[in-house]
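Rule-based calculations on the coordinates, nothing more; no lab input. In this text, all values refer to a predicted model and were calculated from it rather than measured experimentally. Cβ atoms come from the backbone with ideal geometry, glycine included; neighbour counts cover every protein chain shown.
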Amino acid sequence: MVKEPGLKRDLEKYLTFIEDTVEEKRLKLEKDLTFIEELIRGVDTATPEWTATGRPEEKAFLYEIVVNKWNEIDVRKWDYFARDCHYLGIPNSFDHRCLLKSARVCDVDGRNHICFRDKVADNVYDMFHTRYTLYLQAYQHKIVNIIEDKIVEAFLEAQTTHAIFPISERLSPDEMTKFIKLTDHIFEEILYSTDDKLKGARKELEDVVRRRLPKCVGETRITEDEAKAKAEAEGEAEEKVFERNWKEAVDEWNKRHPTVFLDKKDFHTEVITLDYNKNGENPINRVYFYKKKEPTKGYKIKKYEVSSLLPEEFTERVGRVNYTKNSDEEEKDAKECFKWWRLGKCVIQVYDKEEFKGNSYCITGDYPPLVRCGIEVVRSCKVIRGVWKLYEGHDYNEPHYLLKEGVYRNPAAWGSTKPAQSLKSVTFKIQLYGEEDFEDPMHETTVDCSSVEDQFAMNAVHSCKVIGGVWKLCEG
């Protein structure tokens with residue numbers, strides 16, 4: 001009986017210790033869960049103020065492993081690079097083991113970052129080039145984007161009927177029970193349904209399954225000057241500028257082709273961005289390296305220290321035009337319109353009689369035979385734009401004659417005694433070199449350039465190669 005008060009005190013102390021331990025472990029668990037969430041979401045480790053709460057600032061390098069928001073070098077990419085390149089049959093020149101072997105934590109301005117040995121800098125470029133290749137050939141492939149658009153249209157239409165879960169809603173983190181229901185079964189539920197309310201959505205998915213898809217009539221690289229200048233001047237997004245330019249080209253095409261009509265409603269345009277990283281900048285700018293003699297100090301290196309053969313730009317925009325109807329003849333006309341629009345807009349007005357008489361047709365594309373124009377031969381013509389080759393025989397059989405812009409009243413005007421039976425436009429392309437004997441730097445263009453210094457950062461053109469067309473070089 002004498003010892004009971006002491007036992008009670010000991011028991012109370014023990015229970016208090018247990019409660020404190022459980023509370024401490026609970027707090028530690030909550031901190032670990034926060035850390036895991038931050039690893040998945042990503043934390044920018046280069047911000048002046050430390051924003052993460054799962055780990056202190058001295059552990060900053062831990063946030064550069066899974067999702068690296070600073071320079072985008074992380075194991076998440078290495079994982080899907082290996083997987084997707086393998087299954088898509090795309091060559092992968094990037095060796096993640098090389099970076100792993102050289103990776104170490106170094107001090108950079110008082111904060112610990114993951115740095116790599118300076119001699120593996122070229123492998124860093126290989127990694128980002130692999131990313132670019134995957135987006136070009138797979139993730140942003142024209143057919144992939146077309147199918148994605150069809151599926152989105154189907155889901156959005158089905159959603160308006162309330163027949164399926166409203167997938168466009170933004171789910172909060174505590175609505176996981178709804179999130180886990182967003183599986184592929186939604187696609188099949190719509191595809192195999194008999195509900196009349198889902199008829200429109202069902203047709204969209206049937207088009208995907210049966211490959212009744214819009215056709216891409218053309219894609220083109222959009223120069224930075226072309227995109228930004230118009231977007232800034234007109235206060236519109238680049239996508240809208242590209243769409244309007246295409247519609248204007250269709251209107252002009254229809255005016256020049258009275259027997260052909262392309263409906264602007266039958267086309268859908270898109271502009272995609274392809275780049276080495278999300279910032280669209282030189283990826284080496286955000287990577288720290290260390291030297292063999294200074295393995296604990298991180299620093300940055302310049303692009304020229306890696307190689308002089310690296311690209312000047314690390315982002316590009318690609319414009320695409322898709323034809324949404326199912327007509328082979330109109331699709332062919334649309335492809336010719338796109339080619340004419342983006343490759344110099346070569347235009348020639350041809351006549352089957354001399355002195356610009358008889359049947360006439362405005363041509364913007366190649367014609368091995370002239371039957372589609374409604375005429376069989378060309379006896380006079382007006383070259384409105386570009387350079388054309390006129391052939392005396394069908395299917396571009398020699399002899400041929402090169403016609404610049406101007407009027408040609410009869411075959412003698414272009415040096416022949418016979419009318420032309422086929423013709424093609426000359427593609428314009430020229431390679432410009434900053435040094436004689438075709439020594440680098442080299443730049444290639446298919447359009448006019450009022451200043452090589454402004455457009456290509458060249459002092460002057462010292463040699464060139466004309467790949468196609470006729471070019472005029474001016475000293476001024």
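Where a ≥ b ≥ c are the square roots of the eigenvalues of the C-alpha gyration tensor, would you call the chain rounded, which needs a/c under 1.5, or, failing that, prolate if a/b is larger than b/c, or oblate?
Here the chain falls in the oblate category.
Could I have the simple spin-label model distance between GLU398 and ARG210, label points 7 Å from Cα toward Cβ, reported in nm to one decimal?
Roughly 5.1 nm, to one decimal.
Express the relative contact order of the chain as a whole percentage, based on alpha carbon pairs under 8 Å and six or more residues apart in sequence.
Averaging sequence separation for qualifying contacts and normalising by length gives 10 percent for the chain.
Mind running the shape call on the range 337-423? Use the C-alpha gyration tensor, a ≥ b ≥ c as the square roots of the eigenvalues: rounded below 1.5 for a/c, prolate if a/b tops b/c, oblate otherwise.
rounded
Need one number: % antiparallel among DSSP beta bridges in the chain, to the nearest 5.
About 95 percent, rounded to the nearest 5.
Given LYS240/LYS278; LYS150/LYS429; LYS215/LYS240, which pairs have Cα atoms separated by over 26 Å?
LYS150/LYS429
To make sure I understand the rule: partners must be lysines, Cα under 17 Å from the Cα of LYS28, and not fewer than 8 residues away in the same chain. Which ones qualify?
Result set, ordered by chain and number: LYS59.
Treat each spin label as a single point 7 Å out from the Cα along the C-beta direction, and report the HIS462 to VAL152 distance in nm.
4.9
Report the relative contact order of the range 52-96, percent, no decimals, based on alpha-carbon pairs under 8 angstrom and at least 6 residues apart.
Computed value for the range 52-96: 19 percent relative contact order.
Lysine pairs in the range 298-410 8 or more apart or on different chains: how many have alpha carbons under 16 angstrom apart?
Summing the qualifying lysine pairs gives 9.
If you stretched the chain out fully between LYS300 and ASP79, how much longer would it get, using 0.36 nm times the residue separation minus the C-alpha to C-alpha distance?
77.0 nm
At a 4.7 angstrom Cβ threshold, list every cysteine in the chain that has nobody to pair with, or say none.
Cys with no partner Cβ under 4.7 Å: CYS85, CYS98, CYS216, CYS337, CYS346, CYS362, CYS373, CYS381, CYS449, CYS464, CYS474.
Suppose each label sits 7 Å from its Cα in the direction of the beta carbon; what would the MET176-GLU239 distance come out to in nanometres?
3.3
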